[in-house]
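Please read the structure below before turning to the comments.
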2 protein chains.
Amino acid sequence: MNDKDQPSYHMDLEEFRQNAYRTIDWVVDYLANVESYPVLSQAEPNEVRRQLPAEPPEKGEGYDAMLRDMTEIVLPGITHWQSPNFFAFFPANSSPPAILGEILSAGLGVQGMSWATSPACTELETHMMDWLVQMLGLPERYASHTDGGGVIQHSASDATLCALLAARERTTGGGSNKAGCDGQLVAYTSAQAHSSIEKACMIAGIGTENLRLVDVDENFAMRPEALDAQIRADKAAGLVPFFVCTCVGTTSSLALDPVAEVAKVTSAHELWLHVDAAMAGTAAICPEFRFINDGVESADSYTFNPHKWMFTNFDCNAFFVADRAALISALSILPEYLRNQATDSGAVFDYRDWHVPLGRRFRAIKLWFVIRYYGVQGLQHHIREHVALAQEFKQWVIHSDDFELGVDTPLNLVCFRHRDGDAVTEQIMHTVNRGGDMYLTHTRLDDHFTLRMSIGQTNTQRRHVTSAWEQLQAVASAVTGS
Amino acid sequence: MNDKDQPSYHMDLEEFRQNAYRTIDWVVDYLANVESYPVLSQAEPNEVRRQLPAEPPEKGEGYDAMLRDMTEIVLPGITHWQSPNFFAFFPANSSPPAILGEILSAGLGVQGMSWATSPACTELETHMMDWLVQMLGLPERYASHTDGGGVIQHSASDATLCALLAARERTTGGGSNKAGCDGQLVAYTSAQAHSSIEKACMIAGIGTENLRLVDVDENFAMRPEALDAQIRADKAAGLVPFFVCTCVGTTSSLALDPVAEVAKVTSAHELWLHVDAAMAGTAAICPEFRFINDGVESADSYTFNPHKWMFTNFDCNAFFVADRAALISALSILPEYLRNQATDSGAVFDYRDWHVPLGRRFRAIKLWFVIRYYGVQGLQHHIREHVALAQEFKQWVIHSDDFELGVDTPLNLVCFRHRDGDAVTEQIMHTVNRGGDMYLTHTRLDDHFTLRMSIGQTNTQRRHVTSAWEQLQAVASAVTGS
């Protein structure tokens with residue numbers, strides 16, 4: 001076998017360079033024109049699939065066809081999360097520096113499962129997590145020079161699962177990893193918490209019947225005294241309370257659980273306290289919003305998503321623990337084929353033991369680039385801008401004859417509804433979303449169908465928000481015939 | 001507030017285009033020169049970190065500095081998984097078409113958690129999974145037009161965890177999700193299985209004491225009669241056997257469990273049968289290697305990693321189930337804020353219910369591009385080439401005076417050791433890895449320290465394999481003084 005005699009099907013590097021330039025041009029065109037597409041895809045089920053060949057190609061084809069199909073087949077099936085008129089769910093922001101980081105990560109193609117399999121992948125990640133501790137004013141015990149540390153996870157769902165597992169491990173002294181769960185452990189979160197807590201309880205063998213959804217106050221925040229009463233009742237029943245998940249900004253209405261008050265309860269009962277600040281956490285970059293983290297200094301673990309509001313492409317969840325030994329003990333396995341001198345020395349972090357998967361991409365580059373390109377100052381500027389826009393929008397609702405607030409929300413989310421009730425509110429939502437000029441989603445608050453105006457997409461400016469408000473008013477008039 | 005008066009810290013699109021071109025050039029240079037770097041990073045612990053500023057920058061900086069730091073700080077800390085001289089662990093391949101797909105995915109920045117949040121993201125993924133069923137000759141019941149279907153997961157560890165959860169759900173009739181685990185469920189895998197099975201049992205509350213490591217034969221493959229005996233013993237003890245994980249190509253030595261024989265046992269006892277073909281699965285693209293999947297038609301779930309040997313950048317694990325209802329039932333949660341008309345209609349897949357995380361990237365593009373660019377023919381060619389090289393290397397070992405096989409392996413892995421024993425073998429490994437011209441790792445077989453020569457990196461050609469063999473022989477001579 002001689003290399004020269006062998007055909008190769010690989011794309012050679014010069015062809016790759018030219019195709020990559022064209023791909024960059026495609027992305028630039030896309031981002032330049034993103035406002036011209038309907039934000040919510042208007043595709044019907046199966047509309048994309050029926051344009052694809054039923055069978056995989058026997059022979060390879062040129063790149064032209066692929067880029068063309070991206071435009072003709074894929075784009076109409078895209079809901080444009082990077083449109084400045086995207087006000088649905090929460091933002092899942094990208095930004096140019098983050099995309100550049102993704103390109104480098106894809107080009108290097110390394111695995112960071114152990115320190116030795118690419119020391120830079122682990123060390124840059126640890127360093128970025130330490131930077132975030134400083135940037136957000138998080139407690140020093142989450143920094144890597146203490147007993148704690150941070151790690152990039154796939155998503156907040158994964159981070160919350162890992163927090164639950166670390167708590168389970170600490171509470172049972174390793175027993176649950178060995179003997180399995182026994183139906184006695186009880187977890188707590190607010191009745192408004194994200195579905196990921198319930199999912200984590202299912203996955204970890206805790207069971208949803210052993211997850212207590214604690215009562216909330218009029219702002220949909222957890223009531224610490226209700227938590228305390230529930231824990232006491234469970235203990236009296238012979239159960240084993242072990243884990244409390246508080247939310248700093250619920251998905252539904254950005255409710256802020258009173259972490260400091262909750263921490264007094266978890267501390268008294270010696271339970272693991274986890275803080276889920278998935279979207280809102282980014283706000284703490286601005287000192288004036290850092291009140292959201294009051295009490296976090298007592299939390300055993302904390303998570304937020306730079307891939308939501310911090311201009312860093314998905315996936316990039318940041319997860320911090322005060323006692324990394326509990327986390328590692330919950331998830332560590334060391335088969336012979338993964339052993340190496342660096343691991344055996346104990347001098348390095350092997351991030352495979354900090355989460356579910358073994359393999360891991362080099363995700364710290366994009367975070368490094370975002371922080372360096374914007375600087376703390378630039379990030380603060382855009383976060384403040386988003387918050388100001390949302391608070392201005394909230395005033396418009398307050399002074400509107402047609403709409404009313406669902407709850408008074410802080411930061412960058414506004415919850416509101418039409419005064420004529422659920423049916424009208426829902427019809428307004430479907431109408432504006434079908435119109436394609438904006439996209440927003442809903443929740444239920446006090447059993448009312450409630451719209452969520454989430455302002456945080458990278459490029460959202462005042463003109464997008466004013467235009468959205470004009471549309472909502474116009475559609476409301478059309479729907480109600482007023 | 002007026003848009004024009006507001007400073008913006010965003011990189012404008014023309015600046016992004018130019019920076020992206022330069023980034024592409026950096027990646028092309030990297031790939032062109034990857035053979036010139038030591039394959040295993042020679043960095044010492046903390047060598048990367050100590051070059052990074054202790055504090056995040058207050059002001060933003062230009063992109064020049066970032067690209068320069070990639071070269072000067074990051075590259076020396078990289079272990080080069082994309083070097084053709086990388087023979088360690090298993091391949092984690094990238095390829096130009098896959099990188100192009102990653103760029104587009106990063107540029108679109110969409111979330112595919114629900115069908116409605118980008119129909120193309122879900123439909124292209126379902127379509128690619130169906131293509132893989134055809135390409136690998138997998139049973140039709142994994143295709144989406146049946147009760148089954150496929151989904152991209154983050155890693156094989158995640159896929160195996162999901163298989164375990166679906167099995168748990170089916171066996172307990174939903175009881176484990178509600179009441180939690182009770183320590184009675186028992187899982188089975190071979191004594192040579194990947195650590196991810198044990199990890200999944202820890203995570204899912206099954207407990208490692210309830211994972212039976214079934215005896216293997218002289219080729220390190222599971223013994224079906226030992227499995228049957230163990231299941232009977234557990235049933236007799238009042239326990240509830242529920243899940244068997246077979247390996248089609250163990251990590252340690254590429255051992256192939258006899259899936260068809262195991263399936264007779266799982267079928268008789270009505271247990272969930274999962275097949276983990278993480279690396280080796282790709283071989284089934286070639287009809288002559290499809291024997292590895294004998295018996296898979298009886299498996300409830302199957303997984304392999306296009307991100308290992310199929311030239312598709314991490315992360316891209318393919319996971320198939322015959323009964324998607326069991327999987328979805330194990331993982332589904334539908335809070336109000338995720339409800340939408342398409343989901344309520346039941347006409348679409350919402351992939352958030354097929355795995356742990358809620359958010360998900362558009363990972364199907366890179367897989368689509370790889371399959372289209374190479375064609376089935378091109379993929380077959382390179383897989384055959386890797387297998388032929390490994391089998392040739394094996395013959396060199398067999399005919400060597402210094403080395404001997406640890407076990408006779410099929411496909412693209414060779415397990416071998418020096419005839420003078422563990423200490424010499426280990427010293428040879430450390431010496432060649434420190435030398436930087438190649439990188440290979442080890443396992444233990446029959447309690448012997450054994451080297452693993454894994455041949456499957458995208459660009460590995462015959463000259464790299466012959467050079468590796470020459471180095472191993474030369475180092476062996478130096479080490480033994482012969």
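Looking only at residues in the range A:115-159 that are of a type in the set (Phe, Trp, Tyr) and crowded, with 24+ Cβ neighbours inside 10 Å, which one is farthest from the other protein chains (Cβ to nearest Cβ)?
First, the residues of the range A:115-159 that are of a type in the set (Phe, Trp, Tyr): A:115, A:131, A:142.
Narrowing further to those that are crowded, with 24+ Cβ neighbours inside 10 Å: A:115, A:142.
Details: A:Trp115: 7, A:Tyr142: 15 Å.
Here the answer is A:Tyr142.
Please find, among A:Tyr337, A:Tyr374, A:Tyr351, the residue that is within 30 Å of B:Met11 (Cα to Cα) and of a type in the set (Phe, Trp, Tyr). Break it down stepwise before answering.
Numbers: A:Tyr337 fails: within 30 Å of B:Met11 (Cα to Cα); A:Tyr351 fails: within 30 Å of B:Met11 (Cα to Cα).
Unique residue meeting the criteria: A:Tyr374.
I need the full set of residues from the range B:388-401 which are more than 14 Å from B:Gln461 (Cβ to Cβ) and crowded, with 16+ Cβ neighbours inside 10 Å, in order please.
Within the range B:388-401, B:Lys394, B:Trp396, B:Val397, B:Ser400 meet the criteria.
For (1) touching a strand residue (DSSP E or B) at 6+ places or on another chain (Cβ under 8 Å); (2) aliphatic (A, V, I, L, M); (3) over 27 Å from A:Leu132 (Cβ atoms), each residue gets a yes or a no:
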| site | (1), (2), (3) |
| --- | --- |
| A:Leu185 | yes, yes, yes |
| A:Lys199 | no, no, no |
| A:Gly249 | yes, no, no |
| A:Lys264 | no, no, no |
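Can A:Pro57 be described as facing another protein chain (nearest Cβ under 7 Å) and surrounded by 14 or more Cβ atoms within 10 Å (Cβ to Cβ)? Against the criterion (facing another protein chain (nearest Cβ under 7 Å) and surrounded by 14 or more Cβ atoms within 10 Å (Cβ to Cβ)), A:Pro57 qualifies.
Here's a check for you: in the range B:445-466, which residue that is charged (D, E, K, R) and in contact (Cβ under 8 Å) with a residue 24 or more places away in the chain is nearest to B:Ser36 (Cα to Cα)?
As a first pass, look at the range B:445-466 and keep what is charged (D, E, K, R): B:446-447, B:452, B:462-463.
This time we only want the ones that are in contact (Cβ under 8 Å) with a residue 24 or more places away in the chain, so: B:446, B:452, B:462.
Values: B:Asp446: 37, B:Arg452: 23, B:Arg462: 18 Å.
Checked the range B:445-466; the qualifying residue nearest to B:Ser36 (Cα to Cα) is B:Arg462.
Out of all the residues in the range B:11-51, which are facing chain A (nearest Cβ under 7 Å), crowded, with 18+ Cβ neighbours inside 10 Å and assigned to a loop (DSSP other than H, G, I, E, B)? Result: B:Met11, B:Ser41, B:Ala43, B:Val48. Based on this model, can you work out whether A:Ala65 counts as touching a helix residue (DSSP H, G or I) at 6+ places or on another chain (Cβ under 9 Å) and in a helix (DSSP H, G or I)? Considered against the rule, which asks whether it is touching a helix residue (DSSP H, G or I) at 6+ places or on another chain (Cβ under 9 Å) and in a helix (DSSP H, G or I), A:Ala65 comes out as yes.
Among the conditions (1) farther than 26 Å from B:Thr171 by Cβ; (2) crowded, with 19+ Cβ neighbours inside 10 Å; (3) hydroxyl-bearing (Ser, Thr, Tyr), the only one that B:Ser345 does not satisfy is (2). Considering only residues in the range A:355-371 that are touching a Ser or Thr at 6+ places or on another chain (Cβ under 6 Å), more than 8 Å from every other protein chain (Cβ to nearest Cβ) and farther than 12 Å from A:Gln111 by Cα, the one that is surrounded by the most Cβ atoms within 10 Å (Cβ to Cβ) turns out to be A:Lys366.
Picking from B:Arg360, B:Arg339, which residue would you name as being at pLDDT below 95, of a type in the set (Lys, Arg) and farther than 25 Å from B:Thr450 by Cα? So the residue among B:Arg360, B:Arg339 that is at pLDDT below 95, of a type in the set (Lys, Arg) and farther than 25 Å from B:Thr450 by Cα is B:Arg339.
Would you be able to say whether some residue in the range B:60-69 is more than 8 Å from chain A (Cβ to nearest Cβ) and either closer than 30 Å to A:Leu358 by Cβ or aromatic (Phe, Trp, Tyr) (or both)? Among the residues of the range B:60-69, at least one is more than 8 Å from chain A (Cβ to nearest Cβ) and either closer than 30 Å to A:Leu358 by Cβ or aromatic (Phe, Trp, Tyr) (or both), which makes the answer yes.
Among the residues of the range B:352-364, count how many are in contact with a Cys (Cβ under 9 Å, 6 or more places away or on another chain) and outside any loop (DSSP other than H, G, I, E, B).
Keep residues of the range B:352-364 that are in contact with a Cys (Cβ under 9 Å, 6 or more places away or on another chain), which gives B:354-356, B:360-364.
Then drop every residue that is not outside any loop (DSSP other than H, G, I, E, B), which leaves B:354, B:364.
Matching residues across the range B:352-364 total 2.
Going by the structure shown, is A:Asp257 under 16 Å from the mean Cα position of the chain (by Cα) and under 20 Å from A:Ala159 (Cα atoms)? So A:Asp257 does not fit the description; no.
Residues of the range B:98-114 that are part of a helix (DSSP H, G or I) and more than 7 Å from chain A (Cβ to nearest Cβ): B:Ala98, B:Gly101, B:Ser105.
With respect to (1) without any contact (Cβ under 8 Å) to a residue 12 or more places away in the chain; (2) surrounded by fewer than 18 Cβ atoms within 10 Å (Cβ to Cβ), the lone exception for A:Arg223 is condition (2).
Kindly evaluate B:Pro45 against the criterion of being out of contact with any strand residue (DSSP E or B) (no Cβ under 6 Å at 6 or more places or on another chain) and touching a residue at least 12 places away in the same chain (Cβ under 8 Å). Even if it seems obvious, please write down each step before you answer.
Working: out of contact with any strand residue (DSSP E or B) (no Cβ under 6 Å at 6 or more places or on another chain): yes; touching a residue at least 12 places away in the same chain (Cβ under 8 Å): no.
No.
Within the range A:164-187, the set of residues being within 15 Å of A:Asp353 (Cβ to Cβ) and either aliphatic (A, V, I, L, M) or crowded, with 21+ Cβ neighbours inside 10 Å (or both) comprises A:Leu165, A:Ala166, A:Glu169, A:Asn177.
Give the range A:70-88 a look and list any residue that's touching a residue at least 24 places away in the same chain (Cβ under 8 Å) and more than 7 Å from every other protein chain (Cβ to nearest Cβ), or say none. Even if it seems obvious, please write down each step before you answer.
Going residue by residue through the range A:70-88, those that are touching a residue at least 24 places away in the same chain (Cβ under 8 Å) are A:70-71, A:73-88.
Those that are touching a residue at least 24 places away in the same chain (Cβ under 8 Å) and more than 7 Å from every other protein chain (Cβ to nearest Cβ): A:Thr71, A:Ile73, A:Leu75, A:Pro76, A:His80, A:Ser83, A:Pro84, A:Asn85, A:Phe86, A:Phe87, A:Ala88.
The values are calculated or read from the model by the stated rules, or taken from the named source; none is laboratory data. Computed from a predicted model, the values in this text were never measured in an experiment. Virtual Cβ from ideal backbone geometry, glycine too; neighbours counted across all protein chains shown.
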